[in-house]
Every structure is written in C-alpha cells, then in structure tokens.
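To start, the structure itself, in structure tokens.
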Amino acid sequence: MHKALNWIGGKLPSTIPSGDGKTIFVVGLQTVLETLDSEAAFTFLRNRVQRLIVRVQDFYGNNVGIVFGCNCNWRQWRIDSNEHAYLRLRGGHELNVTFALWNGVAREAQIIMVEDNNVHRNEVVKEIGGGFYVRRYS
C-alpha cells in the first residue's frame, strides 16, 4: 500500500509489477481502514485511494487493472438497494466504499461475491473472498 500511494505524486513503474503484466495487486488497504475511525477511513479512500486509482488509469490506460486485496469475509460486504457497496470493519462501523470512491455513482460496478457451493447451510464459513470492481473511473 505504501509503495502504491507513493505513485500518486511520483513515478509509476514502466513495467507492471505483476506476473501477468496486466494487474497491479495492492495489499494493506483493509489494515489501514481498520485502524482509522469512520470519518478518517472515508477521507483516506476519497483523498488517497481515489487519486491512486485515477493516476494508475491515466498512466496505463485501460490495459491495466488495480486490485486491492483485503483479508475479509464476503459477509463483511453489503450492497444496498441503490447498489452502494459497504464494507463492515472491525470497529463496528460500515464504510460506504461506493460513495467514498465514486461519489455514490458506480453504475459501471461489477459486483463479485464468491460463494463456496460445497458449504452446507448450517456450516460456519471461515474464509470466502468477496468484493467488487469498477471498469474505469470517470
């Protein structure tokens, strides 16, 4: 996360730092959000992460995707009737990720919720990933 945030005002790598050359995988976002209070987490997404996404997309165009890896359970995500995505954090608050990153307008959002079909209804699910992405920030 720290290295990626330095790209906002600095130089981005000429070659994508991933094996496939098409994806930038950033870890640490959830850790940062978990340590901040609700307002500071929102501000961090709006002022730092949003700028990072725009910078990466402006520099690489549509040829590169940026993925923020989170160590959370899919149940921590909630999508409301307006298709806003909320992430429930340890501090007991929900963070409106859609509003923080896209000012509430995310019609291009592609929701990804991963389910394990082998899990029975009464079984406790320990780790299933989940999240969403937006094709292009505009």
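The values are calculated or read from the model by the stated rules, or taken from the named source; none is laboratory data. These numbers come from a predicted model, not from an experiment. Positions of Cβ are generated from backbone atoms using ideal geometry, with glycine treated the same way; all protein chains shown enter the neighbour counts. The area values use the complete protein model at the heavy-atom level, side chains included, leaving out ligands, DNA and RNA. Shrake-Rupley method; radii C 1.70, N 1.55, O 1.52, S 1.80 Å.
Things worth noting here:
- Checklist (1) surrounded by fewer than 17 Cβ atoms within 10 Å (Cβ to Cβ); (2) aliphatic (A, V, I, L, M); (3) at pLDDT 75 or above applied to residue 125, failing item: (3)
- Index of the failed condition, residue 52 passing every other in (1) at pLDDT below 80; (2) over 16 Å from residue 98 (Cβ atoms); (3) buried (at least 18 other Cβ atoms within 10 Å of the Cβ): (1)
- Flag if residue 118 is modelled with pLDDT under 80, open to solvent by 60 Å² or more (accessible area, probe 1.4 Å) and either part of a loop (DSSP other than H, G, I, E, B) or under 25 Å from residue 3 (Cβ atoms) (or both): yes
- Total residues in the range 62-94, condition farther than 27 Å from residue 17 by Cβ, open to solvent by 60 Å² or more (accessible area, probe 1.4 Å) and in a loop (DSSP other than H, G, I, E, B): 6
- Residue within the range 68-81 that is of a type in the set (D, E, K, R) and free of Cβ contacts under 8 Å to residues at least 40 places away in the same chain present: yes
- Scanning the range 1-42 for residues that are open to solvent by less than 80 Å² (accessible area, probe 1.4 Å), in contact (Cβ under 8 Å) with a residue 24 or more places away in the chain and in a helix (DSSP H, G or I) yields 4, 5, 29, 30, 32, 33, 34, 38, 41, 42.
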